[in-house]
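Here is the structure we will look at, set down as structure tokens.
The values are calculated or read from the model by the stated rules, or taken from the named source; none is laboratory data. These numbers come from a predicted model, not from an experiment. Cβ coordinates were reconstructed from backbone atoms using ideal geometry, including for glycine residues, and neighbour counts include every protein chain displayed. For the accessible areas, the whole protein counts, side chains as well, though only heavy atoms, and no ligand, DNA or RNA atoms are used. Shrake-Rupley method; radii C 1.70, N 1.55, O 1.52, S 1.80 Å.
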Amino acid sequence: MMTRLVSSLLGRLGLLLAVALLLVWSLGPVYWSFVTSITPPLDLFGDPSFWPKHPTLQHYAKLFGATSLSQGNAVQSVWPQFSAALLNSIITATGATIVTVVVAAAGAYAFVRLRFPGRDICFYLVVATLAIPAYTVMIPLYRLMISLHLIDTYAGIVLIYVSAFLPLALWLMRSVYQAMPISLEEAAWLDGAGRVYTLVFIVLPLAAPGLIASAILTFLNAWGQFMVPLVFSPTLATKPLTVLLPEFVTRNYVDYGLMNAAGIFAIVPPVLIVLFLNRYLVSGLMAGATK
Amino acid sequence: MTRSTFKADEMALAAVFVVPILVIMGGLVFYPLAVSTVDSFYRVDPMRPDTPFVGFANYARLLTDSSVQASWFNTLSYVAFAVVLETVGGLGAALLLNRIRHGRRWLLAVTVLPWCLPPVVNAIVWMWIFNPSYGLLNKVLIGLGLIAHNKVWFNDQATALFLISLVHVWRMMPLTAVILLAALQSIPGDLYEAARLDGAGPVKCFRLVTLPLIAGGLAIALSQSTVFAFNLFDEAWILAGSSLDTRSVIIQVYLTAFQSMRLSSGMALSILAMIGSLVVSLIYVLKVYRETRFD
């Protein structure tokens, strides 16, 4: 009796330890980045502490300020660059998400419900491109984009993102439609509703969880992209945060407080998604990876 | 199905829905892929006139180029570190999540978080942790008495490769965990019941019930880890730039094509990298499928 109690207690303790380990591993670096972003510059060189002794918002002020001080000297504000890059990140990631989800929602419906020659071949060809890494097509794509005058334009970046993330969204949406009973649509057709009307007003509302999951995956992928904009967004006309942030390292001396403050900004959208939409995110990941 | 069974209005709608996909994927993936393949047999270099056919010369030069060889070694190291750590860690996390009853949804959300963050930001966050003078890693290890004084982590190639892999693992392990958790949840509970009645302990249960039944998920997770580690770029580029000690094959492609402007050489290397990543992941899938068929 006693030994069973002890072993169950030990088991519970082990489980708690494992949970704590997982929490520290996943959240620790993010938390540390946040602590760094509110620690005064000089304290960064002292002993690490769980919470800064004199929390400050000066790194954030530096991001937003018109001018800023760095080691006692007034330096040029980073706000013009930072705000432009933030806007670029928002525009390209949102644009790519909208186009991808709309095209995938319509396309996957055609691949599931409409009959046309070459349907399955088309679908499998598109999905097979998931196995083609981006860099294999990047060099010819670079020359193609130059000849189309799409380098450093929102349209060019969004198109490349769509071509990269569409296969996964199509894959997800097709499995969503396949799981839906066709009887609902047939009932609507009998009532005289057209195909498009049925798709928009009956099928899509039911497919909402799938649409949200596809949107989340596309947005996160686009938001975190680095190599594509590194090549295709040479100037602040379209340069996103992910490309601007590392430039903070090389241009000035390495200002870790500023970098972490900017980094915290860049992780706000993903963190919000994890907080409020984690159900859809996880189901999308599972469906995308296992089917 | 004969051609006459396709209805005209259905075909028209399908054309509206599918043609945009074919245009985007054809123009931005299949066409460039074909160009990459063909041009890798020519000399395409904006600095030099003409684009003569050179056969396998680009490929042959890649085999003898010492930077390329170094980058293959680095990439294979990343793959080895990442696959092992992600599989072990991901399996551990999945088993834990599968046992948790209360608050599983939130623990899962926390587990998935690193995957959601931009890799560049992850790399910057870890770069500060690895900082030789003020980084958390040195301070924690000194505090624990494991090292005597600050270490410059990226001075040693093996350590640098391991730490870059670690940042990559931090981001990609959630994917392995999620895939394996999905596989674990599809195992019917009465199988464990039966195994326990037959006197199997937890370890035997795991080996005889869990492992064979998650083999499919494991194969997917392994090939995902491999492909992503094979394509590692962001973490190594942010943490160590073009350093030859940590340069991955993809960084080598980027440098060859976009900094040296030797386009055809870059394309040849990118084709080799694609084939490499496809073959390695195919091996896992085939191996796991073969092994589970006998069980």
Is it the case that some residue within the stretch A:215-227 is in a helix (DSSP H, G or I), among the polar types (S, T, N, Q) and open to solvent by 10 Å² or more (accessible area, probe 1.4 Å)? yes
Could we say that residue B:232 is of a type in the set (A, V, I, L, M), under 28 Å from residue B:29 (Cα atoms) and either in contact with an Asp or Glu (Cβ under 6 Å, 6 or more places away or on another chain) or at pLDDT 90 or above (or both) here? yes
Residue pairs qualifying under the 8 Å Cβ cut-off, at least six apart or on distinct chains, with the first in the stretch B:95-115 being at the interface with chain A (Cβ under 7 Å from one of its Cβ atoms) and farther than 15 Å from residue A:16 by Cα and the second being among the charged types (D, E, K, R) and surrounded by 18 or more Cβ atoms within 10 Å (Cβ to Cβ), are B:114/B:171
Of the candidates A:127, A:112, A:103, A:162, the one satisfying the condition of being crowded, with 21+ Cβ neighbours inside 10 Å and either within 7 Å of another protein chain (Cβ to nearest Cβ) or touching a residue at least 12 places away in the same chain (Cβ under 8 Å) (or both) is A:162
Check: Taking residue A:259, is it in a helix (DSSP H, G or I), surrounded by fewer than 21 Cβ atoms within 10 Å (Cβ to Cβ), of a type in the set (A, V, I, L, M) and facing chain B (nearest Cβ under 8 Å)?
Finding: no
Reported set for the stretch B:13-50 where residues are open to solvent by 80 Å² or more (accessible area, probe 1.4 Å) and in a loop (DSSP other than H, G, I, E, B) is B:47, B:48, B:49, B:50
Of the residues in the stretch A:138-149, those that are more than 7 Å from every other protein chain (Cβ to nearest Cβ), open to solvent by 20 Å² or more (accessible area, probe 1.4 Å) and part of a helix (DSSP H, G or I) come to A:142, A:143, A:146, A:147
In the set B:71, B:67, B:77, the lone residue that is within 22 Å of residue B:231 (Cα to Cα), among the small types (Gly, Ala, Ser) and more than 18 Å from the chain's Cα centre (by Cα) is B:67
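Every residue, every condition in (1) within 13 Å of chain A (Cβ to nearest Cβ); (2) open to solvent by less than 30 Å² (accessible area, probe 1.4 Å); (3) assigned to a loop (DSSP other than H, G, I, E, B); (4) among the aliphatic types (A, V, I, L, M), yes or no:
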position: B:181; (1), (2), (3), (4): yes, yes, no, yes
position: B:192; (1), (2), (3), (4): no, no, no, no
position: B:199; (1), (2), (3), (4): no, no, yes, no
position: B:210; (1), (2), (3), (4): no, yes, no, no
position: B:220; (1), (2), (3), (4): yes, no, no, yes
position: B:224; (1), (2), (3), (4): yes, no, no, no
position: B:227; (1), (2), (3), (4): yes, no, no, yes
position: B:235; (1), (2), (3), (4): yes, yes, no, no
Given the conditions (1) open to solvent by 10 Å² or more (accessible area, probe 1.4 Å); (2) under 30 Å from residue B:25 (Cβ atoms), every one holds for residue A:177 apart from (1)
Checked pairs for the stretch B:223-242, first more than 16 Å from residue A:224 (Cα to Cα), second acidic (Asp, Glu) and open to solvent by less than 10 Å² (accessible area, probe 1.4 Å), C-beta under 9 Å and 6 or more apart or across chains, list as B:224/B:86; B:225/B:86; B:229/B:86
Subset of the stretch A:3-42, residues open to solvent by 40 Å² or more (accessible area, probe 1.4 Å), facing chain B (nearest Cβ under 10 Å) and over 19 Å from residue B:108 (Cα atoms), comes to A:34
Of the residues in the stretch B:118-130 that are in contact (Cβ under 8 Å) with a residue 40 or more places away in the chain, facing chain A (nearest Cβ under 7 Å) and out of contact with any Lys or Arg (no Cβ under 7 Å at 6 or more places or on another chain), the one that is most open to solvent (accessible area, probe 1.4 Å) is B:126
query: Is it true that some residue in the stretch B:262-277 is within 16 Å of the chain's Cα centre (by Cα), buried (at least 21 other Cβ atoms within 10 Å of the Cβ), within 10 Å of another protein chain (Cβ to nearest Cβ) and without any contact (Cβ under 8 Å) to a residue 12 or more places away in the chain?
result: yes
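Looking for something touching a His at 6+ places or on another chain (Cβ under 6 Å) and either facing another protein chain (nearest Cβ under 8 Å) or touching a residue at least 60 places away in the same chain (Cβ under 8 Å) (or both) - is there at least one such residue anywhere in the stretch A:222-243?
No, that holds for no residue.
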Checked A:237, A:262, A:222 against criteria (closer than 19 Å to residue A:44 by Cβ and either touching a Gly at 6+ places or on another chain (Cβ under 7 Å) or not hydroxyl-bearing (Ser, Thr, Tyr) (or both)); the one match is A:262
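Yes or no, residue by residue, for (1) polar (S, T, N, Q); (2) assigned to a helix (DSSP H, G or I):
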site	(1), (2)
A:136	yes, yes
A:151	no, no
A:160	no, yes
A:172	no, yes
A:188	no, yes
A:205	no, yes
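Name the residue that is most open to solvent (accessible area, probe 1.4 Å), counting only residues in the stretch A:190-202 that are aliphatic (A, V, I, L, M), farther than 15 Å from residue B:17 by Cα and in a helix (DSSP H, G or I).
A:190
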Looking at the stretch B:58-81, is at least one residue more than 30 Å from residue B:263 (Cα to Cα), assigned to a helix (DSSP H, G or I) and away from chain A (no Cβ under 14 Å)? yes
